[in-house]
1. Can you find a residue that is modelled with pLDDT of 95 or more, closer than 21 Å to Asn183 by Cα and touching a Gly at 6+ places or on another chain (Cβ under 9 Å) anywhere in the stretch 76-90?
2. Do you know which residues across the stretch 175-193 are farther than 20 Å from Gly146 by Cβ and crowded, with 20+ Cβ neighbours inside 10 Å?
3. Please find, among Gly113, Gly146, Gly150, the residue that is touching a Ser or Thr at 6+ places or on another chain (Cβ under 7 Å) and not aliphatic (A, V, I, L, M).
4. With the checklist (1) in a helix (DSSP H, G or I); (2) more than 21 Å from Val335 (Cβ to Cβ); (3) hydrophobic (A, V, I, L, M, F, W, C) in hand, flag the one item Ile298 doesn't pass.
5. Check Tyr282, Tyr351, Tyr278, Tyr341 and return the single one that is in a loop (DSSP other than H, G, I, E, B) and either of a type in the set (Ser, Thr, Tyr) or without any contact (Cβ under 8 Å) to a residue 12 or more places away in the chain (or both).
6. Counting only residues that are surrounded by fewer than 19 Cβ atoms within 10 Å (Cβ to Cβ) and assigned to a helix (DSSP H, G or I), which one in the stretch 194-218 is farthest from the chain's Cα centre (by Cα)?
7. Mind telling me which of the residues Glu69, Glu92 ends up being farther than 21 Å from Val168 by Cβ, exposed (fewer than 14 other Cβ atoms within 10 Å of the Cβ) and either touching a strand residue (DSSP E or B) at 6+ places or on another chain (Cβ under 8 Å) or polar (S, T, N, Q) (or both)?
8. Answer with yes or no whether Leu346 is crowded, with 19+ Cβ neighbours inside 10 Å, within 16 Å of Val157 (Cα to Cα) and in contact (Cβ under 8 Å) with a residue 40 or more places away in the chain.
Amino acid sequence: MLELTNHGYMRIIMLNNIYKHYLEIIFKIRKEKGEDNMAKKLFTTIYGRNLVGELKNIVQRPYLVVTMEDLWDRFKGEFDDDCIVHFVKTLEYDEIMAEVERLPKFEAVIGLGGGQAVDYAKMAAWKTHMPLYQVPTSIATNAVFGHRAGVRFDSVVKYVGYVEPVAVYVDYDIIQSGPKDLNRSGVCDVLCYNNSMFDWKYAADQGKCEEKWPYDEEMVAEVKEVFDSVVNGLDDIYELNEKGIRTLTEGLRWGGGAFHNNGWNPRPIEGSDHFLFYTLEYMTKKKFIHGQPVCLGIFVGSAMGGNDPDGILDLIHRAGVEIRPEGMGITWDDVFAAIKYEKEFLESNGYWYTVVNDFEVTEEFCQMIKEKVIAKYGEWDQ
């Protein structure tokens, strides 16, 4: 009996060692393919073609399609005639909630469009507890991969709600047929890690880092890996070939989930880069192509910290993202006013500590920003 027990015990040890070896092989393969542990927490994402037309075959009925009015003529043939359609006109929280209350009853939500449409779709699904299917028509932001929606409270951006889509469908034909400048601008939500990494370390060094978000070198290393993957793939991203679309989308997918996956810690993914955008939006009340003011903010924030501003400006230019104010429908005076007001805006709205909090903005600094942008892009003559 004792010999049998020992034999059984040795067999268990042998099987356990085999299983451990098997897991090591699996983890090695996953790492080589870029599928680290964080990837297990990210949204299911499907790449392919002709994906929109299949949605009516899988979603619960009746279903709601949240989209933009200028997109509907292109896609309406892919849906049933009796589907419920809502065109996004606002991202103000109270207005969204009131509009969702007035919609006919639906059993599923399809978000079809850019950041505004997918964020509105999140709020509709969150409010009604209905399943969500997301189809980004551009890769200009990581919004589709975030658990919360970026909505406005009196023009101030806040991220609220929580929803996980059944899947995110990335259709190569849709992305490749869209505005190239818009899709290239999605690099903003990864190139901004140049600032987020710096700002987090800067805040820690100044003793201003939040107790709940202590500086994490391992997480910064992970952020750097994602940043490098997009920088190394910049030529394919500019061409918007399948490899480039997938490279950028995977970077956005990681960043979209990182806020939740790091315990609602935004520091790994956002800092002085987005803060200039928020300030500009608040001051001008304009709706921007997300990547343009964010990329401008990446450069300005990097210049404030001496954080390789010329290098990051070169990457932004290589990616084909327009950051001259005229291309955003504003003026250099608007940009200068936002740079000067940014610190006050951030402090009054409770944003986390970055290099902006300590930087003294001068006229010389503003002119330097303008001169470097014009030197890289040329004078605006359109």
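The values are calculated or read from the model by the stated rules, or taken from the named source; none is laboratory data. Model, not experiment: these values are computed from the prediction. Cβ atoms come from the backbone with ideal geometry, glycine included; neighbour counts cover every protein chain shown.
1. Among the residues of the stretch 76-90, at least one is modelled with pLDDT of 95 or more, closer than 21 Å to Asn183 by Cα and touching a Gly at 6+ places or on another chain (Cβ under 9 Å), which makes the answer yes.
2. If we filter the stretch 175-193 for residues that are farther than 20 Å from Gly146 by Cβ, which is where we start, we get 176-181, 184.
Within the stretch 175-193, just Arg184 meets the criteria.
3. Just one listed residue meets the conditions, Gly113.
4. With respect to (1) in a helix (DSSP H, G or I); (2) more than 21 Å from Val335 (Cβ to Cβ); (3) hydrophobic (A, V, I, L, M, F, W, C), Ile298 is out only on (2).
5. Working: Tyr282 fails: in a loop (DSSP other than H, G, I, E, B); Tyr278 fails: in a loop (DSSP other than H, G, I, E, B); Tyr341 fails: in a loop (DSSP other than H, G, I, E, B).
When all the criteria are applied, what remains is Tyr351.
6. Here the residue is Asp205.
7. Details: Glu92 fails: exposed (fewer than 14 other Cβ atoms within 10 Å of the Cβ).
Just a single option satisfies the conditions, and that option is Glu69.
8. Values: crowded, with 19+ Cβ neighbours inside 10 Å: yes; within 16 Å of Val157 (Cα to Cα): yes; in contact (Cβ under 8 Å) with a residue 40 or more places away in the chain: yes.
Criteria met by Leu346.
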